[in-house]
There are 4 protein chains.
Amino acid sequence: MALNQSLRPGLIQLRVLDLDETLKFYKDILGMDEVCRTSDGRVCLKTYDEFDHHSVTLRLADEAGLDYVAFKVASNETLQEMVKATEQFGYTVTEVPADSDQPGYGKRYRFKICTGHTFELYSEVALAEKTPGTINPDIWNEPPRGMGVIRLDHFLLYGPNIEEAERYCTEVMHMYVPELCNKPDGKRMATWITGSNKPHDLAFVEYDKPGKIHHVGFLLQDWNHVGQVADLIAINRLKKDIGPTRHAITRGQTIYFWEPSGNRIEVYAGGYTAYPDNPQRVWDVDHLGRGLFYYEGEIIPSFLEIVT
Amino acid sequence: MALNQSLRPGLIQLRVLDLDETLKFYKDILGMDEVCRTSDGRVCLKTYDEFDHHSVTLRLADEAGLDYVAFKVASNETLQEMVKATEQFGYTVTEVPADSDQPGYGKRYRFKICTGHTFELYSEVALAEKTPGTINPDIWNEPPRGMGVIRLDHFLLYGPNIEEAERYCTEVMHMYVPELCNKPDGKRMATWITGSNKPHDLAFVEYDKPGKIHHVGFLLQDWNHVGQVADLIAINRLKKDIGPTRHAITRGQTIYFWEPSGNRIEVYAGGYTAYPDNPQRVWDVDHLGRGLFYYEGEIIPSFLEIVT
Amino acid sequence: MALNQSLRPGLIQLRVLDLDETLKFYKDILGMDEVCRTSDGRVCLKTYDEFDHHSVTLRLADEAGLDYVAFKVASNETLQEMVKATEQFGYTVTEVPADSDQPGYGKRYRFKICTGHTFELYSEVALAEKTPGTINPDIWNEPPRGMGVIRLDHFLLYGPNIEEAERYCTEVMHMYVPELCNKPDGKRMATWITGSNKPHDLAFVEYDKPGKIHHVGFLLQDWNHVGQVADLIAINRLKKDIGPTRHAITRGQTIYFWEPSGNRIEVYAGGYTAYPDNPQRVWDVDHLGRGLFYYEGEIIPSFLEIVT
Amino acid sequence: MALNQSLRPGLIQLRVLDLDETLKFYKDILGMDEVCRTSDGRVCLKTYDEFDHHSVTLRLADEAGLDYVAFKVASNETLQEMVKATEQFGYTVTEVPADSDQPGYGKRYRFKICTGHTFELYSEVALAEKTPGTINPDIWNEPPRGMGVIRLDHFLLYGPNIEEAERYCTEVMHMYVPELCNKPDGKRMATWITGSNKPHDLAFVEYDKPGKIHHVGFLLQDWNHVGQVADLIAINRLKKDIGPTRHAITRGQTIYFWEPSGNRIEVYAGGYTAYPDNPQRVWDVDHLGRGLFYYEGEIIPSFLEIVT
């Protein structure tokens, strides 16, 4: 299959501080559907346009942030090869049995990478009960609510040693790096990584504290929907970080804001069509401000300092 | 590499009836750049956002239509495997030497498929002189002209025996079929085929005459640009077929019109993010009108009858 | 006051064939709010962004169509002057007492014009209970539903002797004619008339049958909302007439479709900023197709033939 | 005429520091056309969609800022009445003869208002040589360049005693005030004033220094063009103040930036349809941040401090 190996980030488990208020945001404002709750009180959600069982799990905790991200790979065969390669890369892998803590999911393999983030790989997940139509389908079955995000798109992780993390993603997960930013000493400051035509499935920024998440990105259709989201952020008095603006990096049109528990959310549209044979885009750190915030031309402090 | 095998349709050679007038369209209205001319008078063009040497070659002829389409594959190794598999599939392959009739292109392998269309495969092509920026790049280097199409996106071919053609694309080129339409007898009426996240790299409609092309599709950023293209079609008195409208199939937002030589052009934005593990969308032929033209709910005769 | 005399068409009473189904359309799809019902079973509606008591009244009848349109004028003084001038123009005026058949409305003056349409003039109407905010207001108080039309914008009337109707609107109502279309014999084929910066508050097309309405136009924010309305028309299987397209006349971006009772609705965005001192735009009837449907370049038969 | 008295701000004369560089901005980036130069070296410009001779005059000077703004009124009769009323209001009026310092303009009447700004009134101006089409017209004659601004829309003036200025505009020019902001002591902090359906033709902010201009606003079609302008600001390395964002006040979608001489420019789309009979929107100064910058929820210092 032309599109294979690591297909996409398919699941993310986030820690939230107030399940009711935060859930209200994810459902009524972001527009996700609640799929189910686990016996230990976590809530599983999906967007209206995703086929898989769920893509976001919220867990009540004392501190916001990321429990783990899980990548869907093309087949069980690929999964077994990647697990083996992950162990050879030096990470300790544990198996999470099918249908244990994530309803609908087949077995997952879990390991911590050098940046302090927990990754998982899996190849099987049940279809959701409510998927997009497949027989003479309409473009949606029920009107999208609120921001109407289309799908979980990508995330940005902050942690140490991102060069190794990038190497893991390319060597073991067979992803590629359409765009990167180097420090004056030639070391990686930031890296954008994808396994497909999307300009990034995930990204890393070098950071001294391990295991931090900067934002979870959800897909919107276009710039106009970015504007409509900005209206909703204002009307709902959500705390905005930056935007509507555009990245020169990825070219995405975007807004960043915080959900009620303090996890940063990005809604994102546009972006170029990435191909592994196209030249890599390279940024110097002194141009990174313009790269990140094309309309502002500089980094805003909150963007570098606030992570969960 | 996660995105590999058949990367994309990278080159299309079209026959045109009047080089000057048609070229004026491709350059000033569609917004492509002339890259070079061949010794036999053909003109090579690319969009502002493509990296490869050129993507469209125009050849003066007595009849409009398609000479061939060429697909870029991930590596020479993949190329050799696919050539072998193509021969095993039963098609006769001939080699077109590097830098012969298409400037900048490495060796290509050419063969005719069952539908009467000539396909080519290649793995090497020079970068264009004027590519998108790669060092601290802006979103473009020069303002896009006219319709400002972003890239060659896909094409739709009309010919007999599309089930075999679909089988060729999936078995040999390792593409997949996100969406298809069957006749009441269960035979394929139409098929949409991709090797990536794009909902289609190419499509076929079953047709009694071989080797016909229905349209070449170019990418636009979003619905607003579809509207701006509609303005340009009107102002330039181009002959429109249909649109602005939306496909339910692929979900693309679109307009179809004819360039001065009579080849149908589609400009296209939106469309879902395709994945090979998502369920296939299936259409019955009596819903195909709504599938093709979601806003009209029915097929217009010209769309089925006029091909080049 | 700089903007005075005839302020706007503020009220329209339409005949519908099935109150439940049609009302469901006006509320859930078009996005209007039901304000009240009259003792004789008529339903009064307004958009989310209108201040006045209501703008559309639906009356159950055997035949769809228009009962009357009512214009808000700047003051009671203006009203009395216009009534007098209307009588001098030759129309018979009757008074409809305040708060009689239209809740919230002050006294209205009713008369039939040469085209067979019933016009009304009024200067007083109560504010709606739910208006847009006025103290530190948000852009809306509740999320607009469905198509989320912003306000009643204009209407197009078909009937005989539109030159006299145009003369009435300019001489008595003090409106002006930014755009018109003449037949080869120099007689008026169509006329667009406004009292403000909107390119039209109403329009007439010469037609042999009196008292017909072609469409009621509602305002949308922009082209993107035109696209979203097109999605809703398709998903709700409404019968579309034409669009998304653009008028060269007025420059509006538009879709026409029928509500369940068969009255044609236009949703409309854009359009130039009209001024009475700008030159008049003049169309020959053989260019009218392009003037009406800039993207199609020709009139579609249904647009000329179907009225209610 | 329903739309009369003060029609619109039709002309603005700005001081610029470097005629060549600044003119390049107004022509190539903002998209205006140079109409003519005066014998004393000033440059007259108009947008592609304006009918009048020119709307912006640039004068080389040591300090950026505003020389004067001129309002077109409906007729010479209105003009004479307004001049008389202006004198009765207490301002000293001088006549600027026809075709003297502003080519194409009839006689203008000039006076200084309490805020230190010079206003002019006129009723006659020649049509431009290149106007929008009026006989079976296309939506434009030549493709708009750069930002492609549609027309001079409004301006914001900073100066003392804006309550008197507001009173002048309403009592003498017959404009109205759709929206205002009061300080805790009940005094006017800011006022938005219009003579038409536009939410503002001009605005004032109370300020201790007289005669300052905050920005000149040009009209764009919609939010998408706001995004395209943001791209152009970034690519051309113009200095942006704020945006893309939205005002709650007027509801306009907007960006502010500085032209090369340091005059602030706004490009603006959307905004509600204003009517003099609709309730006035009133803001408290502690909500003004959200009113001005709906997406940011607060005023940025540069917006209050930098004027020319």
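Could you compute the longest span of chain C free of GluC sites (Glu not before Pro) located in DSSP loops and having at most 13 other Cβ atoms within 10 Å, not counting the site residues?
Numbers: sites that count: C:E63, C:E129, C:E298.
Value returned for the longest uninterrupted segment is C:130-297.
With its label point defined 7 Å out from Cα along the Cα-to-Cβ axis, A:E171 lies at 3.9, 8.2, 9.1 nm from the matching points of the other copies, in increasing order.
Given the pairs C:K72/D:K46; D:K27/D:K84; C:K107/C:K130; C:K209/C:K239, which are separated by over 29 angstrom at their Cα positions?
Details: C:K72/D:K46 35 Å; D:K27/D:K84 38 Å; C:K107/C:K130 22 Å; C:K209/C:K239 24 Å.
Result: C:K72/D:K46; D:K27/D:K84 exceed 29 Å.
The other copies place their A:S75 label points at 1.8, 8.3, 8.4 nm from this one, listed shortest first, where each point is 7 Å from Cα along Cα→Cβ. The mean of 1/r over all distinct Cα pairs in segment B:64-106, once inverted, gives the Kirkwood hydrodynamic radius of 12.0 Å. Each other copy places its own label point for C:C36 at 5.2, 5.9, 7.8 nm from this one, sorted shortest first, where the point lies 7 Å along the Cα-to-beta carbon line. Using a cut-off of 11 Å between beta-carbons, work out the net charge of the residues near D:N161 (Lys and Arg +1, Asp and Glu -1, D:N161 not included). Summing Lys and Arg as +1 and Asp and Glu as -1 gives -2. Within 10 Å of the Cβ of each residue in C:10-22, the mean number of Cβ atoms contributed by other protein chains is 0. Which residue fluctuates most in the GNM of chain A (Cα springs below 10 Å): A:T134, A:T170, A:T78? Most flexible of the set in this elastic network: A:T134. Filter chain B for me: DSSP H helices, axial length by Cα at least 15 angstrom, mean Kyte-Doolittle hydropathy not below -1.0. List them by residue number. Within chain B the helices that satisfy the rule are B:76-89, B:223-235. Answer rounded, prolate or oblate for the protein assembly as shown, using the Cα gyration tensor with square roots of eigenvalues a ≥ b ≥ c: rounded when a/c is under 1.5, else prolate when a/b is larger than b/c, else oblate. Taking the square roots of the gyration eigenvalues as a ≥ b ≥ c, the protein assembly as shown is prolate.
Restricting the trypsin sites (Lys or Arg not before Pro) of segment D:189-275 to loop positions (DSSP other than H, G, I, E, B) with no more than 11 neighbouring Cβ atoms within 10 Å leaves D:R237.
So for segment B:128-265, considering every pair of alpha-carbon atoms, how many percent are separated by more than 18 Å? Tail fraction, whole percent: 63.
Model label sites at A:E95 and A:E142, defined 7 Å from Cα along the beta-carbon direction, differ in position by 3.7 nm. Counting, for every residue in B:229-237, the Cβ atoms of other protein chains within 10 Å of its Cβ and taking the mean gives 5.
Quick one: net charge of A:E305's neighbours, Cβ under 13 Å, K/R +1, D/E -1? Charge balance near A:E305 sits at +1. Which residue, C:A98, C:A190, C:A203, has the most motion in a Gaussian network model of chain C that connects Cα atoms within less than 10 Å? Per the Cα network of chain C with a 10 Å cutoff, C:A98 tops the list. When Lys and Arg each count +1 and Asp and Glu each count -1, what net charge do the other residues less than 13 Å away from D:T57, Cβ to Cβ, add up to? Within the 13 Å Cβ shell, the charges total 0.
As a test of the formula, what do you get for chain C when each DSSP H run with n ≥ 4 contributes -39,500 (n - 2.57) and the sum is divided by the residue count, at 222 nm and rounded to the nearest 500 deg cm²/dmol? Don't skip to the answer; put the middle values down first.
Details: 6 runs with 53 residues, N = 308.
For chain C, the value works out to -5000 deg cm²/dmol.
Nearest to the axis that brings chain C onto chain A is this chain C residue, judged by its Cβ, with the distance in whole Å: C:N224, 2. Between A:H214, A:H247, A:H154, the Gaussian network model of chain A with springs among Cα atoms under 10 angstrom shows the greatest mean-square fluctuation at A:H247. Mind running the shape call on segment B:196-283? Use the C-alpha gyration tensor, a ≥ b ≥ c as the square roots of the eigenvalues: rounded below 1.5 for a/c, prolate if a/b tops b/c, oblate otherwise. Taking the square roots of the gyration eigenvalues as a ≥ b ≥ c, segment B:196-283 is oblate. The base-10 log of I(q)/I(0) for chain B, evaluated at q = 0.13, 0.15, 0.16 Å⁻¹, reads -0.93, -1.29, -1.50 [Debye formula, identical scatterers on Cα atoms, solvent excluded].
Label segment B:6-122 by shape, choosing from rounded, prolate and oblate, from the square roots a ≥ b ≥ c of the eigenvalues of the Cα gyration tensor; if a/c is under 1.5 it is rounded, and otherwise prolate applies when a/b is larger than b/c, oblate when it is not. Note, shape of segment B:6-122 comes out prolate.
A short reminder: the numbers here are calculations on the coordinates, not readings from a lab. This structure is a prediction, so every number in the text was calculated from the model and none was measured. Every residue, glycine among them, receives a Cβ derived from its backbone with ideal geometry; neighbour counts consider all protein chains shown.
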